[in-house]
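Scroll down for the structure; my scribbles are underneath it.
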Amino acid sequence: MQNSPALRLDDIHLKLASHGGDVNILRGINLEISRGETIAIIGPSGSGKSSMMMVIAGLERSTSGQINIAGKDVTNFTEDQFALFRRDHIGIVFQDFHLVPTMTALENVAVPLEFANVSNPFDKARAELEAVGLAHRLDHYPSQLSGGEQQRVALARAFAPNPDILLADEPTGNLDGETGRMVMDLLFSRHKALNNTLLLITHDPNLAAKCDRTIHVQDGLIQDANVKVAAS
């Protein structure tokens, strides 16, 4: 449904058990994001930013509330159903690159496409790696790549299926400043080319300023979903 939002969260709660009793991680998240928007998610450590993203990705099950992604109610999906949905609709880039060490850059991007039954997966993977400037590193293994190159492989892998939503959790956290800026320039340029919806967790006000909107999360709640942060 093209007129539906890319993402809608209605009263999302996440409660996790601990030795000291239940901990309320998310305490009633309400959020709507339009297709094609770029959203920065900011807030102090422990505020619930990453937990909210994990719930959106289906990697953590909310305790209550409703989740709608790309026009589909995914609230009650089983783990297997969400894995298939995530494969087809959601791309994820983590701070740690999560590449398969025994696969080349090309294989790291192409194999997930094969699992998704994408036609010509290696051709598509090669094109996406070329788009992030790694045409000369296709046959290299992660151990043979720099941190910035590994994150570019991760970007290519996330964007290759052309997901409806791209989730990026501090994608430059393990990179030096110059390399991080290059990776983020690539992320925004690929987003612009493909017109995906982008959710970016960041502590960097300059990155937040590149986004259409900034969402401030604190104490498991959204404090403001319309802030536009100025670059420093």
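Please treat every number below as a calculation from the coordinates, not as lab data. Not measured: the values here are computed from a predicted model. Quick reminder, even Gly has a Cβ in these numbers, built from the backbone with ideal geometry, and neighbours come from all protein chains shown.
Quickly work out the D11-to-T63 label distance, labels modelled 7 Å from Cα along the C-beta direction, and quote it in nm with one decimal. Simple spin-label model gives 1.5 nm for this pair.
Distance between the modelled labels on A127 and D96, one decimal in nanometres: 3.3 nm (7 Å Cα→Cβ projection).
What shape does region 1-100 have by the C-alpha gyration tensor, where a ≥ b ≥ c are the square roots of the eigenvalues, rounded means a/c under 1.5, and otherwise prolate means a/b greater than b/c and oblate the rest? Taking the square roots of the gyration eigenvalues as a ≥ b ≥ c, region 1-100 is rounded.
Of all the Cα-Cα pairs you can form in the chain, what percent are over 27 Å apart?
Of all Cα-Cα distances in the chain, 33 percent exceed 27 Å.
Residues whose amide H falls under 5 Å from that of I215, counting only those 5 or more places apart or on a different chain, are A40, I41, I42, with hydrogens built in the peptide plane. DSSP finds beta bridges in the chain, and of those with both partners inside it, around 55 percent are antiparallel. For region 18-107, the list of trypsin sites (Lys or Arg not before Pro) that fall in a loop by DSSP and count at most 16 other C-beta atoms within 10 angstrom reads R61. Net length available on complete extension from F115 to A135 is 4.9 nm, with 0.36 nm assigned per residue and the Cα-Cα distance removed.
Each helix, a run of at least 4 DSSP H residues, gives -39500 (n - 2.57); summed and divided by the residues of the chain, these come to -10000 deg cm²/dmol at 222 nm.
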